[in-house]
Amino acid sequence: MGTITVTFKLNGDDVTVIADTRDTLLNVLKEKLNIVSVKRGCDEGQCGACTVLLEGKPVVSCLIPIGKVNNKTIMTLEGLQNNPIMKFLQEEFVKEFAAQCGICTPGFLITSYVVIKEYMLKNNINNIDLIKKEVAKMLVGNICRCGTYKECEKAIINTIIKLRPK
Amino acid sequence: MVNSVEADFERILHTWSSGKLLVVGKSVSRLDAWDKVLGTAKYVEDFIQSNALFARIIKSPISHGIIKRIDYSDIRNDSSFVDVVTDADIPGDKFFGIFAPEFPIFAYNNIVKFHAEPLGLVVAKSLIAADMLRDKIKIEYEEQKGVYDLLDAIKPDAPKVHPERASNIAYEVHLKKGDTEVGFKTSDIVVEQSFRIGTSYPAYIEPEAALVVPYHDKVSVIVGAQTPHVVRRFISWALRLPESKVEVIVPYIGGSFGPKTDIGPIVATQAAVAAYKIKRPVFLLYSRDDSIQVMPKRVDAYVKYRIGATYDGKLQALEATFYYNTGAYAIRSSTLILRPAIHATGPYSVPNARVDAYFVFTNTVPRSAFRGYGNPEIQFGLEVTLDILAEKIGLDPLELRIKNALKTGDVLLDGSVYDDTIGVDKMLKEIRAISNWDIKRKEYKEYNLTQRYSAKGIGVACGWHGVAHELSQGYVTIRKDGSVDVYTGITEVGQGTKTGIAQVVAEIFGININLVNVHISSADAPETGGTYGSRGSNLGAMGVYLAAMKLKEKLDDIASSLLYCTKSDLEYKNNIIYCLKNNKFIDWSTLVIEAYNRNIDLSATASFAIPGMGSYAKGGKIYPTYSSVCMVVETDIDLETGQVKVTRIWPAIDAGRIINPALATQQIHGSIIMGIGVTLHEEIVFDDKGRIKTTSFMDYLVPTTMEIIDTAIESPLFIELPSKYGPYGAKGLGEAPMIPVAPAIANAIHFATGRLVNFTPITSEKLYNLLRQQGI
Amino acid sequence: MKYIKLHNINEIKSILKELSDNYKKYIVIAGGTDLMNDLKKFPSRFDGIEHMLDISEVDEIRGINIEDGFVKIGAATTIEEIRKHHGLKRLFPAIHDAAEHFATLQIRNMATIGGNIGTASPASSLAPPLLIYDAEIELLGPDSLRRLKLEQFFVGPKKNSLKPYEIILNIYIKQIPNSTSAYEEIGKRIGNIIPIVSSAAALTIKRSDENIIINEARIALGSVAPTPIRAFSAEKEITNINIYKSEILNYDMFREKFSNVCHSVKRDILPIDDHRSSKWYRNEMAVTLTCRALRKALLRIWEQ
């Protein structure tokens, strides 16, 4: 079994790990770096519980071989604690009861955060139904088995409406 | 204090009608919401420490036979290899089961009875090493003939799953009420129908995992389990340690939906055996295919109903026969058929009934609890048969149900009298009105005649679910600063017990809910029975409720003397205790300090069990009360593909007092979405040797956002009728809303297409096939 | 196993040359979304592998450009990049449709077109839309560069005609003037599926105000044969069909009119039974989806 030394920026801090070449980013985050917010779900890339931001893009960390993140930036919920968009979103999630068991919640927040930024920055769509459809499509990779989709949708739409430039 | 159950009931009914509640009945924000939303909530894997070893299960490659050898010679010398552990390494009890020892922790005596049955663990220095090493283990075996299909297993010549038993019938239950022969004779119409209900996978997102840390003479176990006392008990039996030397920590759990009452102890014991032997912390993790292949699934079933009624629609007789598949081991003993047997008549008055229930072994993955615990399967059959009956009689199916709605005073199949409130007819009348049922039944029929490629359906179904009764105990202590710590063995799996129980306690003391800290999932709390049967925030919390009431009575004594007030004039509200007669008051923290100054003990435990209740073991009255649900469902059916979309649902709930409407709505949404999944597109496919082929989330398809983007779930109608069987009259509702989803969809499809759907899952291919059979 | 990140085509060529005797000892990774699951579930298959060559950041094979009348899509272009590309959406709408439906956002951010085509699954959702645009695939070896028609690249279920020391460099597609296209798929649920059947159709049209003449069509299907395939028999049925807007808008009328065309697709396919679907259902859905893809393509005409 070969090992690899990887250096990357995790939530703004430089981090160096030695891992098995075949190891996934998720395994490294959990086993070596004790990151709590990133969750292991299906471990097959289908449920989105392990979603992190790699160079700002949401990816499933269980399918990323650790070598790929060398010299890259990774953000998890821990790194977005003071981000105003994330804070709004988290408040809405609490207000709208969008978490039951909570295991899908960090993944939902990470993906929604990116989706909201896209919508805030770009969109002229005023039709709420269209926005809801786009949001649903973008979040198809985040599974909630407890079934809080309606509540998450509400929280995300509320945040989009609140934060959009008028 | 009068510590009689009657007094408790009186108290509950009194609080029901006593006017304004402060915190119970309010949609208080979940107390664990911020933890989850900040990402600081810890689940089992978050407790891994640096010296932990990693384990994977070794799975049987055959479905039935003998394991001759686990050959790990190829990996023995690998630097990452640590050990292989099997049932030979279990010092004590090797079988698990909450009612009887049914399931071997590792395959017992080298005999395997289902494909992928765990033979042992491989333990390594990292997770990736464990995976690589596991792949290299060679199993030598001798395969034997097995039986894989439920109906094959009951044939007289079927191979026996357990040769020491007389047949593959693991358990059977026969219940009777009145005389069905007479009932059928008085019926004008008799209908008969059979059904096949497929199995499902609970598909909790958090995989099965346990971390066990051995110390010199004790073990510390971190596991996602629904009943921590059971974990502690079984590990103590398996390792031959006293229970006080087994510490159990249950952190947040990433979903369960039923089976983690078994899975928790099983996985924890598997890990504990390794940790105890190797004397190092072991983290056992199930991969997703391990989980699907090995861990308990929902029962699949063959159900047959025969129902007779008179022309006016009054039910006269009902016969239900059902065979439930328990897989290779009956982990839940007979309870998983006893519950549905008792519920087989539905929330309806049926004067004569007979139920014959059989739990059948097959050489497939064991079956256990899954949201509804046997009720969704039997009630699917009932609710669809009722629609067939309605059609035959020429009566509207919703009307038929109203005519036969269960009433207080009716005798149930366990011989008990239903003595609580019930609102089935009320619910049906209300959803009939708000859904515009009558108009739509006409309009959609006409519309469908003009459409060739699509059809609109509207259907109704009800369900009921008895709240599980077990000893409930709790421990409440008020700290010097006025904060309250509550200890209970009730677990939080997402359903909101932590918040619901806190609301109950905050209500009793009239204090801000943030002063109440509920230590859920505590194995150190007094035994409180399981978190199942929808009892968590209600009957399961009665011990806590009564303990808090005991403390309130002590505080009443002090307050009444301080405020020169009779106890009945005291009001606890917003952290202040008022005397209503003389306007004197004292604040909560001062009262507490005064109690401490007087050396009054502000800790209390309480124990609650309803006298005269039966049990699964003894028979008698099994459920003190029942929650019921009715739903109207609308569907759009694509006749060209067989795809069904659920477009609108009106749920109505009778669960007594709703402690927290927002949390209750969460449960209803969750049940509906899960119900849509298991009804329409979740399918476990077995091959001809009972091996599961759909072993990943790419093949087992749970609902995504896109499944329900076009599904409008109307605000639930809560029919809050005073119930005396739970704190503030609350009954449970974690499971009941799941039950009517499948039959309501089937009934809607039947209405839209004229085709009877007597199976689930109603996949697009199966529905398409059904439609083609008679030329649609 | 050693992990090696490659930065340009020269590096690829030299390492392929270096390893050309040991081609069984390396794997090439782009997005990794298929590979990582295999690596985790079947670790022993990768026992002899000594090198993991990561080509995802070779800029020369990322991006969408025009070259010699073809549109060139670099093999390391992610599906999300394809989905967001306005030019592709306008000129190759079927490809955009497939990218829209592809898996999930998280997977699209990593998965590449080269990886998807290289996996050569008969259920590849990108393959049918590429086939209707006469896609060609460019393969690089240590001393070679060759271009094949995509049909020739697919050899069997998960079998392609890559030589052991070759990698996929680019995919070329050719725009069809005066055309429209669409892609439809069906699975056991709506979101994130592996298609049970998929169908892509491109139509060359001549348009006037209220009616359209369809000159010719290209139709390709997925999940109904050992490889993704063109439905040549069905294509032959579509020559110079005159159709009114109302006949397209009305689903019943459309189905009537195109019934023969859509049914003829059955002659081109060879579906199997598997745990996702029976061959019978696949046969039936091939017809329905082809009809729907044709209709969707036609409805697009008025959206432009």
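The values are calculated or read from the model by the stated rules, or taken from the named source; none is laboratory data. Here the structure is a predicted model, which means the values were calculated and not measured. Backbone-built Cβ (ideal geometry, glycine too); neighbour counts: all protein chains shown. Each accessible area value is taken on the protein alone, full model and side chains, heavy atoms only, with ligands, DNA and RNA left out. Shrake-Rupley method; radii C 1.70, N 1.55, O 1.52, S 1.80 Å.
Once you list every other residue whose beta carbon is under 12 Å from the beta carbon of B:D74, what net charge do they have if Lys and Arg are +1 and Asp and Glu are -1?
Every neighbour counted, the sum reads 0.
Modelled label-to-label distance, A:K72 and C:W280, 7 Å Cα→beta-carbon offset: nm?
Each label point lies 7 Å from its Cα, and together they span 4.7 nm.
Please give the residues from the range A:1-41 for which the solvent-accessible area of heavy atoms, probe 1.4 Å, is smaller by at least 30 Å² with all protein chains in place than with the chain isolated.
A:M1, A:T21, A:R22, A:K30, A:E31, A:V36, A:K39, A:R40, A:G41
Pop the C-beta distance of B:D688 and B:I111 into the FRET formula with R0 = 25 Å and round what comes out to the nearest 0.05.
Once rounded, the FRET efficiency stands at 0.70.
Restrict the search to the range C:197-265; then list the GluC sites (Glu not before Pro) that DSSP places in a loop and that have at most 10 other Cβ atoms within 10 Å of their Cβ.
Passing sites in the range C:197-265 are C:E210.
Any idea what angle helix A:149-163 forms with the longest principal axis of chain A, computed on alpha-carbon atoms, 0 to 90 degrees, nearest 10?
Around 80 degrees separate the two axes.
Roughly how big is the protein assembly as shown's charge dipole about its Cα centre, with Cβ charges of +1 (Lys, Arg) and -1 (Asp, Glu), in debye to the nearest 20?
Magnitude of the dipole: close to 680 debye.
HN-Hα J couplings of the range B:506-522 from phi, Karplus 6.51/-1.76/1.60, θ = phi - 60°, integer Hz, Gly and Pro as x?
Each residue's phi maps through the Karplus curve to give 4, 5, 4, 8, x, 10, 4, 4, 5, 7, 9, 10, 9, 8, 7, 6, 8 Hz.
Would you be so kind as to identify which of B:V219, B:G620, C:I117 lies farthest towards the positive end of the dipole of the protein assembly as shown, taking Lys and Arg as +1 and Asp and Glu as -1 on Cβ and the Cα centre as origin?
C:I117
Just from its helices, what would the mean residue ellipticity at 222 nm be for chain B, if runs of 4 or more DSSP H residues each count -39500 (n - 2.57) and the sum is divided by every residue, rounded to the nearest 500 deg cm²/dmol?
-9000 deg cm²/dmol
Along the positive direction of the dipole of chain A (beta-carbon charges: Lys, Arg +1; Asp, Glu -1; about the Cα centre), which of A:A136, A:V36, A:G107 reaches farthest?
Going by the Cα projections, it comes out as A:A136.
Through the Karplus equation 6.51 cos²θ - 1.76 cosθ + 1.60, θ set to phi - 60°, convert the phi angles of the range B:536-543 into ³J(HN,Hα) values in whole Hz; use x for Gly and Pro.
Here the 3J(HN,Hα) series is x, 8, 10, 4, x, 9, 4, x Hz.
Loop-only chymotrypsin sites (Phe, Trp or Tyr not before Pro) in the range B:260-330, please: DSSP not H, G, I, E or B, and at most 13 other Cβ atoms within 10 Å.
B:Y311
Using the basic label-point model (7 angstrom from Cα toward the beta carbon), what is the B:D312 to B:N51 distance in nanometres?
For B:D312 paired with B:N51, the spin-label model returns 7.9 nm.
So if I take the centroid of the Cα atoms in the range B:697-776 and the same for the range C:1-61, what is the distance between those two points in Å?
One Cα centre to the other: 47 Å.
Using a Förster distance of 51 angstrom, determine the FRET efficiency expected from the C-beta separation of B:E164 and C:F42, and round it to 0.05.
Once rounded, the FRET efficiency stands at 0.85.
Amide H to amide H under 5 Å from B:G656: which residues, 5+ apart in sequence or cross-chain, H placed 1.01 Å off N in plane?
So B:G656 has HN proximity to B:L721, B:K731.
How high is the relative contact order of the range A:1-106, in percent, counting Cα pairs under 8 Å that sit 6 or more residues apart?
Averaging sequence separation for qualifying contacts and normalising by length gives 30 percent for the range A:1-106.
List the residues whose amide H sits under 5 Å from the amide H of B:I62, counting only those 5 or more places along or on another chain, with H placed 1.01 Å from N in the peptide plane.
B:A116
If you take the charge dipole of chain B about its Cα centre, with +1 on Lys and Arg Cβ and -1 on Asp and Glu Cβ, which of B:L150, B:I67, B:V173 is farthest toward its positive end?
The one lying farthest along the dipole's positive direction is B:V173.
Whole-Hz ³J(HN,Hα) for each residue in the range B:107-124, computed from phi via Karplus 6.51 cos²θ - 1.76 cosθ + 1.60 with θ = phi - 60°, x for glycine and proline: what do you get?
3, 8, 6, 6, 9, 10, 10, 8, 5, 6, 3, x, 9, x, 10, 10, 10, 9
Using only protein heavy atoms and a 1.4 angstrom probe, determine the accessible area buried between C and A, summed over both sides, in Å² to the nearest 100.
For chain C against chain A, roughly 2600 Å² becomes buried.
For every helix of n ≥ 4 consecutive DSSP H residues, a contribution of -39,500 (n - 2.57) applies; sum these over chain C, divide by its total residues, and give [θ] at 222 nm rounded to the nearest 500 deg cm²/dmol.
Value at 222 nm, helices only: -9500 deg cm²/dmol.
Please check chain B for the longest run free of GluC sites (Glu not before Pro) that are loop-located per DSSP (anything but H, G, I, E, B) and have at most 16 other Cβ atoms within 10 Å.
Maximal segment without exposed cleavage sites: B:165-713.
Might you report the magnitude of the Cβ-based charge dipole of the range B:114-271 about its Cα centre, with Lys and Arg at +1 and Asp and Glu at -1, to the nearest 20 debye?
540 debye
In percent, what relative contact order does chain B have, based on Cα pairs under 8 Å that are 6 or more apart in sequence?
The value is 16 percent.
Can you give me the long-range amide H partners of B:V360? Hydrogens built in the peptide plane at 1.01 Å from N, cutoff under 5 Å, separation of 5 or more residues or another chain.
So B:V360 has HN proximity to B:A170, B:Y324, B:N325, B:T326.
With only Lys, Arg, Asp and Glu charged, each at its Cβ (+1 for the first two, -1 for the last two), find how big the charge dipole of chain B is about the Cα centre; round to the nearest 20 debye.
Using Cβ point charges on Lys, Arg, Asp and Glu, chain B gives about 400 debye.
Evaluate the relative contact order of the range C:240-304 (contact order divided by residue number), counting alpha-carbon pairs under 8 angstrom at least 6 apart; express in whole percent.
34 percent
Over the protein assembly as shown, give the accessible area per residue in Å² for a 1.4 Å probe, as an integer.
34 Å²
Compute the separation of the alpha-carbon centres of the range B:384-424 and the range B:280-315 and state it in Å as a whole number.
24 Å
Quick check: at a probe of 1.4 Å, how many percent of the accessible area of the protein assembly as shown sits on carbon and sulfur atoms?
50 percent
For a label point 7 angstrom out from the Cα of C:K89 toward its Cβ, which stretches of the range A:101-134 have the backbone nitrogen within less than 18 Å?
Inside the label zone: A:115-134.
Please list B:S568, A:S37 from largest to smallest accessible area, probe radius 1.4 Å, with all protein chains kept in place.
Ranked list, largest accessible area first: B:S568, A:S37.
Please work out the C-alpha center-to-center distance from the range B:242-263 to the range A:107-152 and express it in whole Å.
34 Å
Are there any trypsin sites (Lys or Arg not before Pro) in the range B:571-612 that are in a DSSP loop and have at most 14 other Cβ atoms within 10 Å? List them by number.
B:K581, B:K584, B:R598
Among the DSSP beta bridges whose two residues both lie in the range B:311-466, what percent are antiparallel, rounded to the nearest 5?
Here the antiparallel bridges make up roughly 15 percent for the range B:311-466.
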